[in-house]
Amino acid sequence: MKRLILTALVLLLCFVVWWPAGAAAAPDHVIDGDINQSTGSVEISRHTTVNGNVTVNMGEITVLGVVNGNVTGNMGAIRVNGAVGGNVEANMGEVDINGSVAGNVKARMGEVSVDGSVGGNVEADLGSVVIRGSVGGDVISGLGEVRVPGEIRGGISSKGKKVIITGQVDGDVTLTRGIVELGPQAVVRGRIRVEEGMVKLGKGASAGSVEVLTELTEGEVDRLFRDGEGFFFVDIDGLVETIVESVESALRSIDLPSMHRMGDSIRGYLQNMRRFFPIMSFWGWYGSLARDLFNMVVLFAIAALTFTLFPAHVRVTAEAISGKAGAVFGWGLLATALALPLLIFLAITIIGIPLIFVEILFLAVAGILGYTALTQVIGTKIAGGSGSRSVNPLGAIALGVLILGALTMIPFFGGLLAVVLFAFTVGAALTTRFGTLQPQPEPHPSATSEAEPAEAGEEPPADGTEPGE
């Protein structure tokens, strides 16, 4: 009996020891090659290894396993809970690192949050940066706040309003205009340099040296950024470059036909808008122009999402714009002219107040649908030219947004054009009943000619001879 019990205990011990090891040694799923997806989310699950790059054009990327390459997302968030051996780049979306990234992390238009580790640099052009984990390189911020509760082995360079450090920075901290704030026990081993603004040191905080070229109070800094001067006085050229690079990267990723031969001209046109900035600063238009550039990218995101969710409705609306432009503009002009009086009428009646939101929502949905269709039509005609090859719809929309956005940035003319475009886009949605009204096919000429004898009550002879012979 004792021998039986001893044998059972030995078997149980072997099971306890070997079962976890066997489970951990389960073979991983290995993907040799790149993953490229146009739309939809991609998840690299645990126990999955990708020996290549992962690229998604419209959708989120979640890495729970291992990617031994680069991870690139266009118009979507990127979350890394596993490991990435290359770089992580999001052109229009936030980046959240809870795992590890061996290379650099960059978000052109979105926030970056690091709770894990990044071996290279962290860069955010238009968005805040929060480092709770560790960064092996530098942190570079364009127009966003930087918070560092964690550790940065390099330095910080920012053009935003605030840099708040409660952890440790081994390199220099450079801020163009704003406030550098060190919390209690914060450590900056390098130099703190602020061109315009101030430095606030908490109790127990330490820095290698502190240099402020032009001292400003906290109230003066708040006023400058509230009025828009703090951001756009700093580096308007850099902002234009950020917008251009972001749009160019998105266009390259969706393989727009003819983009290679048109890319240089588009970049040159947008960058040449900087020549107007000294003139427009006389009227105080710095902030307005920068917002217009940013809105171009936002409109592209909305239009691309609309096309992805409702491709059939956009197609019908685009056909109406191409075939019935006069009727489309007429209905849109009528709807736009009646919108304001109707809004006033609803506002002065108690029962009509809840309908104000309905009217605004109606016009907004109509405008978005019509704008998506209009940009697709413009982009298709320009990118396709007289060639016979098909044009990527998302690329056509992006090109249309660029063209319309650049035109509406022209002083005086741009405002009038924006009103005309709004009327046109609303009219396109109305004439097609929001893309649900299918166009009636025209009768074929041969069918019409064959039907005429039957309408007259005549039947063709069986031998095929003409009547009356």
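The values are calculated or read from the model by the stated rules, or taken from the named source; none is laboratory data. From a predicted model like this one, the values you see are computed outputs, not experimental measurements. Neighbour counts run over all protein chains shown; Cβ positions are idealised from the backbone, glycine included.
Taking the condition of a type outside the set (Ser, Thr, Tyr), surrounded by fewer than 19 Cβ atoms within 10 Å (Cβ to Cβ) and out of contact with any Phe, Trp or Tyr (no Cβ under 6 Å at 6 or more places or on another chain), does residue 190 pass? Criteria met by residue 190. Mind listing whichever residues of the stretch 118-130 are within 18 Å of residue 54 (Cβ to Cβ) and surrounded by 22 or more Cβ atoms within 10 Å (Cβ to Cβ)? Residue satisfying the conditions is 118 alone.
Return yes or no: is residue 65 at pLDDT below 90, in contact with an Asp or Glu (Cβ under 8 Å, 6 or more places away or on another chain) and not assigned by TED's automatic domain parsing to the domain that holds residue 395? Walk me through it before giving the result.
Details: at pLDDT below 90: no; in contact with an Asp or Glu (Cβ under 8 Å, 6 or more places away or on another chain): yes; not assigned by TED's automatic domain parsing to the domain that holds residue 395: yes.
Spelling it out, it is not the case that residue 65 is at pLDDT below 90, in contact with an Asp or Glu (Cβ under 8 Å, 6 or more places away or on another chain) and not assigned by TED's automatic domain parsing to the domain that holds residue 395.
Residue under question is residue 234, and the condition is that it be closer than 29 Å to residue 73 by Cα, at pLDDT below 80 and touching a Ser or Thr at 6+ places or on another chain (Cβ under 6 Å); does it hold? Criteria met by residue 234. When you look at residue 176, is it of a type outside the set (Phe, Trp, Tyr), out of contact with any Lys or Arg (no Cβ under 6 Å at 6 or more places or on another chain) and outside the structural domain of residue 102 (by TED's automatic domain parsing), yes or no? Judged against the criteria, residue 176 is not a match. Reported count of residues in the stretch 207-224, each being of a type in the set (Gly, Ala, Ser) and over 25 Å from residue 189 (Cβ atoms), is 1. Looking across the stretch 93-117, not a single residue is surrounded by fewer than 20 Cβ atoms within 10 Å (Cβ to Cβ) and touching a Leu at 6+ places or on another chain (Cβ under 6 Å). Number of residues in the stretch 158-173 that are within 15 Å of residue 199 (Cα to Cα) and part of a strand (DSSP E or B): the value is 6. Of all the residues in the stretch 131-156, those that are in a strand (DSSP E or B) and either buried (at least 21 other Cβ atoms within 10 Å of the Cβ) or of a type in the set (A, V, I, L, M, F, W, C) (or both) number 9. Being aliphatic (A, V, I, L, M), surrounded by 14 or more Cβ atoms within 10 Å (Cβ to Cβ) and in a helix (DSSP H, G or I) is a property that residue 334 has. Among the candidates 80, 56, the residue that is at pLDDT 80 or above, more than 20 Å from residue 129 (Cβ to Cβ) and in the same structural domain as residue 120 (by TED's automatic domain parsing) is uniquely 56.
Could you list all residues from the stretch 177-197 that are hydrophobic (A, V, I, L, M, F, W, C) and in a strand (DSSP E or B)?
Keep residues of the stretch 177-197 that are hydrophobic (A, V, I, L, M, F, W, C), which gives 179-180, 182, 186-188, 192, 194.
Residues satisfying the conditions are 179, 180, 182, 187, 188, 192, 194.
Looking at the stretch 351-364, can you tell me whether even one residue there is under 30 Å from residue 59 (Cβ atoms), aromatic (Phe, Trp, Tyr) and either at pLDDT below 80 or not assigned by TED's automatic domain parsing to the domain that holds residue 411 (or both)? So far as the stretch 351-364 goes, no, none of its residues is under 30 Å from residue 59 (Cβ atoms), aromatic (Phe, Trp, Tyr) and either at pLDDT below 80 or not assigned by TED's automatic domain parsing to the domain that holds residue 411 (or both).
Could you list all residues from the stretch 168-178 that are closer than 26 Å to residue 219 by Cα and surrounded by fewer than 22 Cβ atoms within 10 Å (Cβ to Cβ)?
Initial filter on the stretch 168-178 (closer than 26 Å to residue 219 by Cα): 172-178.
Correct list: 172, 174, 176.
Determine if the stretch 414-426 includes at least one residue that is modelled with pLDDT under 75 and surrounded by fewer than 13 Cβ atoms within 10 Å (Cβ to Cβ). Don't jump to the end; show me each part of the working.
Taking the stretch 414-426 and keeping what is modelled with pLDDT under 75, we get 414-415.
Adding the requirement that they be surrounded by fewer than 13 Cβ atoms within 10 Å (Cβ to Cβ) leaves 415.
Yes; the residues of the stretch 414-426 include at least one that is modelled with pLDDT under 75 and surrounded by fewer than 13 Cβ atoms within 10 Å (Cβ to Cβ).
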